[in-house]
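The values are calculated or read from the model by the stated rules, or taken from the named source; none is laboratory data. Note that this is a predicted model, so its numbers are computed, not measured. All Cβ positions, glycine included, derive from the backbone under ideal geometry; neighbour counts span all protein chains shown.
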Amino acid sequence: MSKADSVRLYKVRKLISELSNKEGRGTELVSLYIPPKKPIHEAIANLREEWGTAGNIKSDTTRNHVQDALTKAMQRLKLYRTPPDTGLVVFSGALPTNGPGSEVVNVWEIIPPKPVTQYLYQCDDHFHVEWLKDMLRDEKVFGLMVIDSSEVGLGILSGGSLEIADLMTSGISGKTRKGGQSARRYERGREMELTYFYNRVGEHATRTFVDSNKITGLIVGGPGPTKEDFLKGGYLHYELQKKVIAVLDLGYSGREGIRELVEKAGDVLKDVRLVEEKRLVQKFLGEVNRQGGLAVYGLPRVVEALQKAAAEVVLVSDDLDMIRLSATCKKCETEKSQTVSASKKVQERQNMSAAPCTSCGSTDYEFAETDVVDVLEEMAFQGGSKVEVISSGTEEGSMFRTFGGVAALLRYRS
């Protein structure tokens with residue numbers, strides 16, 4: 001996925017997570033996948049046929065819920081003349097709001113990150129999000145190997161994720177030899193130990209990069225000549241040997257070497273999301289630690305920078321989990337809002353309900369929730385800025401989270 005799609009992918013992942021936990025009353029939830037080349041009118045005609053077929057359902061409640069879900073889906077499709085470039089995914093169904101009998105029909109639409117390959121219609125007790133999940137798996141998966149004569153580290157890099165898959169020491173003694181031992185005999189013993197170690201590394205690499213993961217390319221690094229000796233010796237699986245795309249000199253081996261390898265392989269990995277996130281976070285850390293640096297953090301200061309059009313890039317952690325809770329007076333339409341943690345929205349809603357409207361004194365409100373990422377994206381769009389979502393599961397993401405999970409790189413100090 002393109003590194004420029006971080007906000008869109010964040011929204012898709014979040015919606016998938018929400019829909020995965022929803023259960024219907026019987027087979028009442030509709031999942032619809034429309035390929036980009038399928039005419040919208042054909043998809044609507046198919047749903048109309050399903051609506052007629054649903055009339056044969058014996059249960060009045062189930063029949064009504066299925067037909068209402070199909071009606072909602074057809075209404076949503078009528079907003080499109082043709083499917084988007086990657087197709088369209090629609091979920092619709094009756095879900096309880098407060099126990100049995102409180103079902104409300106909802107509809108969600110998603111423009112998928114990759115093209116839908118075939119038309120799919122499912123009516124079930126859950127939404128079929130598995131095909132969307134497959135689309136989110138990064139196609140490019142890179143293997144990382146950092147090796148010297150004392151240890152080897154194997155890693156998997158995919159999108160915004162870096163996994164240390166295997167660490168192994170060689171147990172080989174250093175190049176100095178004990179007194180009384182002939183140089184030739186010592187070197188011969190050390191060569192045997194190295195050969196055994198290389199064979200073990202080759203076996204571990206096959207399990208990690210061939211059996212468990214189908215990698216796109218393999219990047220090898222390490223201090224000294226060990227990496228070249230290993231590659232030239234034919235210890236690597238023939239499939240992996242063909243996938244070696246770079247061999248780099250490093251100052252470290254093992255776990256630290258893998259991190260150094262990702263940094264030094266920037267040109268090779270320029271389209272990998274993790275590398276872009278690392279660059280953004282490091283730039284932020286450099287600016288925030290510099291006197292008069294062009295960076296701010298914390299939601300109030302970021303919002304202020306956006307309002308003044310001073311923000312160039314807004315960084316948001318993917319686990320920020322904050323919402324803007326808006327309350328609109330039903331009597332006079334006066335609106336008030338608060339930005340709160342999603343876990344505290346119920347309490348805040350009660351507090352806002354108890355406070356009379358400042359214009360008419362009413363306490364009858366209509367509430368709406370908006371993800372803070374959506375709020376920041378709208379403000380950024382108006383000011384010509386952009387928003388980048390940072391993965392919280394990486395080392396850089398964890399460091400960034402200590403600053404509150406929201407920050408901005410500035411055009412100028414406001």
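Values computed for the structure shown
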{"quantity": "Complete set of residues in segment 273-320 that are among the basic types (Lys, Arg) and surrounded by 22 or more Cβ atoms within 10 Å (Cβ to Cβ)", "calculated": "ARG273, LYS278"}
{"quantity": "Whichever residue in segment 62-107 is surrounded by fewer than 19 Cβ atoms within 10 Å (Cβ to Cβ) and hydroxyl-bearing (Ser, Thr, Tyr) and, among such residues, is farthest from HIS126 (Cα to Cα)", "calculated": "THR82"}
{"quantity": "Candidate set from segment 48-63 (those that are in a helix (DSSP H, G or I) and either free of Cβ contacts under 8 Å to residues at least 12 places away in the same chain or not assigned by TED's automatic domain parsing to the domain that holds VAL107 (or both)); member that is farthest from the chain's Cα centre (by Cα)", "calculated": "ASP60"}
{"quantity": "Number of the exception - GLU239 against (1) over 27 Å from VAL389 (Cα atoms); (2) outside any helix (DSSP H, G or I); (3) of a type outside the set (A, V, I, L, M, F, W, C)", "calculated": "(2)"}
{"quantity": "Unmet requirement for ILE34, which otherwise passes all of (1) farther than 25 Å from LEU136 by Cβ; (2) crowded, with 21+ Cβ neighbours inside 10 Å", "calculated": "(1)"}
{"quantity": "Some residue of segment 321-333 being aliphatic (A, V, I, L, M) and assigned to a loop (DSSP other than H, G, I, E, B)", "calculated": "no"}
{"quantity": "Test: residue in segment 133-140 that is at pLDDT 90 or above, aliphatic (A, V, I, L, M) and closer than 23 Å to GLU276 by Cβ", "calculated": "no"}
{"quantity": "Given (1) under 12 Å from TYR121 (Cβ atoms); (2) free of Cβ contacts under 8 Å to residues at least 40 places away in the same chain, index of the condition SER31 fails", "calculated": "(2)"}
{"quantity": "Failed item in (1) more than 19 Å from SER20 (Cα to Cα); (2) touching a Gly at 6+ places or on another chain (Cβ under 6 Å), with ALA69 passing the rest", "calculated": "(1)"}
{"quantity": "Residue satisfying condition, being in contact with a helix residue (DSSP H, G or I) (Cβ under 7 Å, 6 or more places away or on another chain) and touching a residue at least 12 places away in the same chain (Cβ under 8 Å), within set GLY224, GLY251, GLY257", "calculated": "GLY251"}
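Condition check ((1) surrounded by 14 or more Cβ atoms within 10 Å (Cβ to Cβ); (2) under 36 Å from the mean Cα position of the chain (by Cα); (3) under 24 Å from ASP267 (Cα atoms); (4) modelled with pLDDT under 95) across all residues:
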residue: ALA183; (1), (2), (3), (4): no, no, no, yes
residue: ASN213; (1), (2), (3), (4): yes, yes, yes, yes
residue: PRO225; (1), (2), (3), (4): no, no, yes, yes
residue: ASP229; (1), (2), (3), (4): yes, no, no, yes
